[in-house]
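These notes concern the structure reproduced below.
The values are calculated or read from the model by the stated rules, or taken from the named source; none is laboratory data. All values derive from a computational prediction rather than experimental measurement. Counting neighbours? That spans all protein chains shown, and the Cβs are built from the backbone with ideal geometry, glycine included. With ligands, DNA and RNA removed, areas are computed over all heavy atoms of the protein, side chains included. Shrake-Rupley method; radii C 1.70, N 1.55, O 1.52, S 1.80 Å.
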Amino acid sequence: MNDPKDTTHAATLRASTEVLTRGFDPRLSLGTARPAVFRSSTYVFSSPEAAERAFSVASGRSRAADGENVELIYARLNHPNAQIVEDHLTPLESGARAAAVFNSGMAAIMTAITTFALPGESIVYTVPLYGGTQHLIHQFLEPFGLRGFPVPAGDEAQLDGAIRAAPNLRIVFLETPANPTLLMTGIARAVETARELPHRDADRPPLVFVDNTFLGPVFQHPLLHGADLVLYSATKYLSGFSDLLAGAVLARDPALIEQVKARRVIFGNILPPDECWMLDGRLPTVTLRMNRASKNAQRIAEHVRTHPSIERVHYPSLFEDPGQIRIRDAQCDYPGALLSLELKGGKPAAFDFLRHLRIARDAVSLGGVETLVCHPKTTTHSPLSAAELAQAGVGDGLVRISVGIEDWRDLLRDFEQALNKL
Ligand SMILES: *Cc1c(COP(=O)(O)O)cnc(C)c1O
């Protein structure tokens, strides 16, 4: 990629440098070394002409010239902390040229889908899908007139078939790896199939979205595999401390992000200044946190796999299916920090395991610096039907672990003492 010795131009800087150097200008906030918080809901114009110009650009009637300082208007449209965090998110996502932040991952997903898909069009999506996204499709988008076509995660032939068969296909929505069994779906192949559709409407080609919450932005780079939009629950790894709700959408094509932001103005779901500031402060450490958590998880997964109380460990470095191994090697740099254990003894064993843990806490969510464990069948996946649970690989003895950045030896000992009691 970039020549590591050439640091003469900003475009050649690596992500971990850019996240600390680009965008934010200390002169605009009294010289503060780190961004200040700008809580104002409205902004004072330097002249009536500047106000007129700001509205003309904000409404899309004209475009800002390169280097033009278009003044801010009102915080639902845009505010300095959103601009700063979007500037810092962009280099972290390989291939991205623009970002938009939202007040939750669901807000990002809902806004992105409804920006691009209209009633009468269809969306093909992998299952299992994050529960909120599944509800969004069934309880809002389908009654609204959008048609949804589910495809089992990792089944490439079915995905190709659904992409080719869906009427007025507008969005291919991939969540990879899938929750909680970490089944992976090939991004490049889905992109290729969508691009090859015959008689494509040039104005409304199908777009490929990837919910990259589980492995991004550090270990999986969907835009480099041709995806159009990457979506995040920034509540998870991007913010990393389980104390903030946020979402993000990134793209290679800034025009797509402009469209999403125009919809965000209407919905009023931009991430507020305080949350933008908090998220911005977490971004320089996302690579450090994810690397540490992934190393921890890999050591734990590989140590506990042979424990007599365990039927099976779901973790990318332990994949055995050749198709899954091929996808993993093609699109994931490291296996990540989520793993699932299938315990012998069903629900009683799973509940006892959760009860015996001393360090890991029983909670949903993931991606924080602390280790969390949950029982998907009775919690996150409890709304699913028996057929959907079977298809998702969610059984009575399954527990999902989001490994944090504690010392892995302490975590391993905690898991082993809880397993030994089963
Ligand atoms: C948590 C999560 C979401 C939803 O994000 P919120 O920030 O809770 O709204 C979407 N997708 C995935 C994969 C998630 O884990």
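Just to confirm the number: angle between the C-alpha axis of helix 156-165 and the first principal axis of the chain, 0 to 90 degrees, nearest 10?
For helix 156-165, the angle is close to 40 degrees.
Nearest 10 degrees, 0 to 90: what angle lies between the long axis of helix 105-116 and the longest principal axis of the chain (Cα atoms)?
60 degrees
Mind checking which of ARG400, ARG252, ARG39 has the largest fluctuation in a GNM of the chain, springs on alpha carbons under 10 Å?
Sorting by GNM fluctuation, first place goes to ARG39.
Counting heavy atoms of the protein chains only and a 1.4 Å probe, report the per residue accessible area for the stretch 80-285 as a whole number of Å².
The answer is 33 Å² per residue.
For the chain, modelled as a GNM with alpha-carbon contacts under 10 angstrom, which of LEU231, LEU182, LEU245 fluctuates the most?
Between LEU231, LEU182, LEU245, it is LEU245 that shows the largest mean-square fluctuation.
At each listed q (0.23 Å⁻¹), what is the log10 of I(q)/I(0) that the Debye formula gives for the stretch 172-294 modelled as equal alpha-carbon point scatterers?
Values, matching the q order: -1.41.
List the GluC sites (Glu not before Pro) in the stretch 68-112 that DSSP assigns to loop (not H, G, I, E or B) and whose Cβ has at most 10 other Cβ atoms within 10 Å. Which are they?
GLU68
Over the chain, with every protein chain in place, what whole percent of the accessible area is carbon and sulfur at 1.4 Å, could you tell me?
Carbon with sulfur: 54 percent of the solvent-accessible area.
May I ask for the Kirkwood hydrodynamic radius of the stretch 286-420, worked out over all distinct Cα pairs and given in angstroms to one decimal? Mind dumping the intermediate values first?
Working: mean 1/r = 0.0660 Å⁻¹.
Mean inverse Cα-Cα distance, inverted, gives 15.1 Å.
Can you give the accessible area of MET278, probe radius 1.4 Å, in Å² rounded to 10?
The accessible area comes out at roughly 60 Å².
Give me the number: length gained by fully extending ASP243 to ALA188, i.e. 0.36 nm times residue separation minus the C-alpha to C-alpha distance, one decimal in nm.
Net length gain for the segment: 16.4 nm.
Which value, in Å³ per residue, describes the convex hull spanned by the Cα atoms of the stretch 72-139?
For the stretch 72-139, the hull spanned by Cα atoms encloses 140 Å³ per residue.
State the percent of C-alpha pairs, over all pairs in the stretch 169-233, separated by a distance greater than 21 angstrom.
23 percent
Tell me the net charge near ARG289. Cut-off is 13 Å between Cβ atoms, ARG289 excluded, with +1 for each Lys or Arg and -1 for each Asp or Glu.
Residues close to ARG289 contribute a combined charge of +2.
Please list, ordered by chain and number, the residues whose modelled amide H lies under 5 Å from the amide H of LYS344; skip anything fewer than 5 residues away on the same chain.
Answer set, sorted by chain and number: ILE310, GLU311.
Counting only heavy atoms of the protein chains, get the accessible area per residue of the stretch 286-420 (1.4 Å probe) and round it to a whole Å² value.
45 Å²
Kindly provide log₁₀ I(q)/I(0) values, in the same order as q = 0.13, 0.19, 0.24, 0.27 Å⁻¹, from the Debye equation applied to equal alpha-carbon scatterers of the stretch 127-196.
One equal scatterer on each Cα of the stretch 127-196 leads to -0.36, -0.78, -1.15, -1.31.
Of the candidates PRO222, PRO322, PRO152, which one comes out as most mobile in a Gaussian network treatment of the chain with C-alpha springs shorter than 10 Å?
Per the Cα network of the chain with a 10 Å cutoff, PRO322 tops the list.
I need the phi-derived Karplus couplings for the stretch 358-374: 6.51 cos²θ - 1.76 cosθ + 1.60, θ = phi - 60°, integer Hz, Gly and Pro marked x.
9, 9, 5, 9, 7, 7, 7, 6, 6, x, x, 5, 9, 7, 10, 10, 9
Would you please classify the overall shape of the stretch 1-147 from the alpha carbon gyration tensor, given that a ≥ b ≥ c denote the square roots of the eigenvalues, rounded means a/c under 1.5, and beyond that prolate means a/b larger than b/c while oblate covers the rest?
It is oblate, given that a/c is not under 1.5 and a/b is not larger than b/c.
Under 12 Å between alpha carbons, and skipping anything fewer than 8 positions from LYS344 in its own chain: which aspartates and glutamates qualify?
LYS344 reaches GLU311, ASP352, ASP396.
Which values, in whole Å and largest first, are the semi-axes of the equivalent ellipsoid of the stretch 227-279 obtained as the square root of 5 times each eigenvalue of the Cα gyration tensor? Before the final figure, lay out each step's value.
Details: eigenvalues 87, 42, 12 Å².
They are 21, 15, 8 Å, listed largest first.
At 222 nm, what value in deg cm²/dmol follows for the chain if DSSP H runs of at least 4 each add -39500 (n - 2.57) and the sum is divided by all its residues, to the nearest 500?
Value at 222 nm, helices only, nearest 500: -11000 deg cm²/dmol.
At q = 0.07, 0.08, 0.11 Å⁻¹, what is the base-10 log of I(q)/I(0) for the chain according to the Debye formula with one equal point scatterer per Cα and no solvent? Please give it to two decimals.
Reported log10 I(q)/I(0), two decimals: -0.35, -0.46, -0.86.
Starting from the amide H of ARG147, placed 1.01 Å from N in the peptide plane, find each other amide H under 5 Å away whose residue is 5 or more places distant or on another chain.
GLY120, GLU121, SER122, ILE123
Once the Cα gyration tensor of the stretch 80-285 is diagonalised, what are the square roots of 5 times its eigenvalues, in whole Å and ordered largest first, as equivalent ellipsoid semi-axes?
26, 18, 16
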